[in-house]
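Colleague: If you scroll down you'll find the structure; I have some questions about it.
The values are calculated or read from the model by the stated rules, or taken from the named source; none is laboratory data. None of these values were measured; they are calculated from a predicted model. Don't worry about glycine lacking a Cβ; one is built from the backbone with ideal geometry, like all the others, and counts go over all protein chains shown. The protein model used for the area step is the full one, side chains on, heavy atoms only, and it has no ligands, DNA or RNA in it. Shrake-Rupley method; radii C 1.70, N 1.55, O 1.52, S 1.80 Å.
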Amino acid sequence: MTRSPVWSTIATTLEAEIARGHYRAGDKLPTEAELSSRFGVNRHTVRRALADLAERGLVHARRGSGVFVRMAPMDYPLGERVRFHQNVRATGRLPDKRILRLETRPADTTEAQALALAPGDPVLVHEGLSLAGGTPVAHFISLFPQSRLPGLAEALRETASVTEALRRAGVADYTRAFTRLTAEPASATQALHLNLREGAPLLRSVGLNLDPEGQPVEQGHTWFAGDRVALTVSPEHDA
């Protein structure tokens, strides 16, 4: 009877543990030394098993950081109504957001023009990370016209949902005026936040949301991890 190579057995074991959720998308696997000790083999054998998992798209290595479980790309619809929590829940994952910055400052000329403000008018800057199932999938920076949205900062601190925060600030509904998509390499800071290598591909979305009266309520800049999100655009889709 032909025996399977030891590295293949290790790869099969790790694959099964990933499938059972022992290691979730975005989690770091044990080090080569730890796996060598666990399976009683040398590092070369472990390295061959990890290479096999990487070739099949189950894990990816970050130089100097380790090997991480890869997340299957999540379909993220872009339409007239773009709602992060709704989009993520539709994939069976739990949505969440992590605030990195929440501050008020004067609007520059470009921001003022987008939000129908005068240069120097106060804007609320909301910067953070969007997570799906505990895995960071995007880095975002949103700008809001502070004078039109009383209480928004407090609402954003209390809820991870921008839609709910805007509702508390008096905006019952909003729609997307436009979305512009480009590709960019991840900066060192973005790579750190998103558990990517520096220079990894990001999908950048710039959009403007309007209230029912046509007044701008949010200018959003979002950088999606290119290997975790598949942006889908349909003129008939109402996200």
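Colleague: Exactly one condition in (1) over 15 Å from residue 78 (Cα atoms); (2) open to solvent by 60 Å² or more (accessible area, probe 1.4 Å); (3) within 22 Å of the chain's Cα centre (by Cα) is not met by residue 146; state its number.
Modeller: So the condition that residue 146 fails would be (3).
Colleague: In the list 51, 61, which residue meets the criterion of being closer than 17 Å to residue 9 by Cβ and either at pLDDT 95 or above or not charged (D, E, K, R) (or both)?
Modeller: After ruling out the rest, the residue left standing is 51.
Colleague: Within segment 122-145, which residues are free of Cβ contacts under 8 Å to residues at least 40 places away in the same chain and over 15 Å from residue 103 (Cβ atoms)?
Modeller: 131
Colleague: Based on this model, can you work out whether residue 199 counts as open to solvent by less than 60 Å² (accessible area, probe 1.4 Å), assigned to a strand (DSSP E or B) and in contact with a strand residue (DSSP E or B) (Cβ under 6 Å, 6 or more places away or on another chain)?
Modeller: No; evaluated as a whole, the condition is false for this residue.
Colleague: Could you say whether any residue in segment 172-179 is open to solvent by 30 Å² or more (accessible area, probe 1.4 Å), closer than 19 Å to residue 143 by Cα and among the aromatic types (Phe, Trp, Tyr)?
Modeller: Yes, segment 172-179 contains at least one residue that is open to solvent by 30 Å² or more (accessible area, probe 1.4 Å), closer than 19 Å to residue 143 by Cα and among the aromatic types (Phe, Trp, Tyr).
Colleague: Just to be sure I understand, how many residues within segment 209-233 are modelled with pLDDT of 95 or more and assigned to a strand (DSSP E or B)?
Modeller: Adding up the residues that qualify gives 10.
Colleague: For segment 84-119, what are the residues that are open to solvent by less than 70 Å² (accessible area, probe 1.4 Å), polar (S, T, N, Q) and farther than 30 Å from residue 30 by Cβ?
Modeller: Within segment 84-119, 87 is the sole residue that qualifies.
Colleague: For residues that are open to solvent by 10 Å² or more (accessible area, probe 1.4 Å) and modelled with pLDDT of 95 or more, scanning just segment 125-139, find the one that is nearest to residue 25 (Cα to Cα).
Modeller: 139
Colleague: Show the residue pairs meeting these rules: Cβ distance below 6 Å; 6+ apart or different chains; first residue within segment 146-164 and β-branched (Val, Ile, Thr); second residue open to solvent by less than 70 Å² (accessible area, probe 1.4 Å) and at pLDDT 95 or above.
Modeller: Short answer, once both residue conditions are applied: 159/165.
Colleague: Another one. Exactly one of (1) closer than 30 Å to residue 25 by Cβ; (2) open to solvent by less than 30 Å² (accessible area, probe 1.4 Å); (3) in a loop (DSSP other than H, G, I, E, B); (4) not hydroxyl-bearing (Ser, Thr, Tyr) is unmet by residue 155. Its number?
Modeller: (3)
Colleague: When the residues of segment 32-83 are filtered to those that are of a type in the set (D, E, K, R) and touching a helix residue (DSSP H, G or I) at 6+ places or on another chain (Cβ under 7 Å), which remaining residue is surrounded by the fewest Cβ atoms within 10 Å (Cβ to Cβ)?
Modeller: 43
Colleague: Can you name every one of the helices (runs of 4 or more DSSP H) wholly within segment 1-71 that holds 2 or more residues which are within 30 Å of residue 94 (Cα to Cα) and in contact (Cβ under 8 Å) with a residue 24 or more places away in the chain?
Modeller: Filter on segment 1-71 gives 6-19, 43-55.
Colleague: Output the qualifying pairs, or none if there are none: Cβ atoms under 9 angstrom, residues six or more apart or on different chains, first residue in segment 175-194 and farther than 18 Å from residue 230 by Cα, second residue modelled with pLDDT of 95 or more and of a type in the set (S, T, N, Q).
Modeller: That search, which allows pairs on different chains as well, returns 175/209; 176/209; 177/209.
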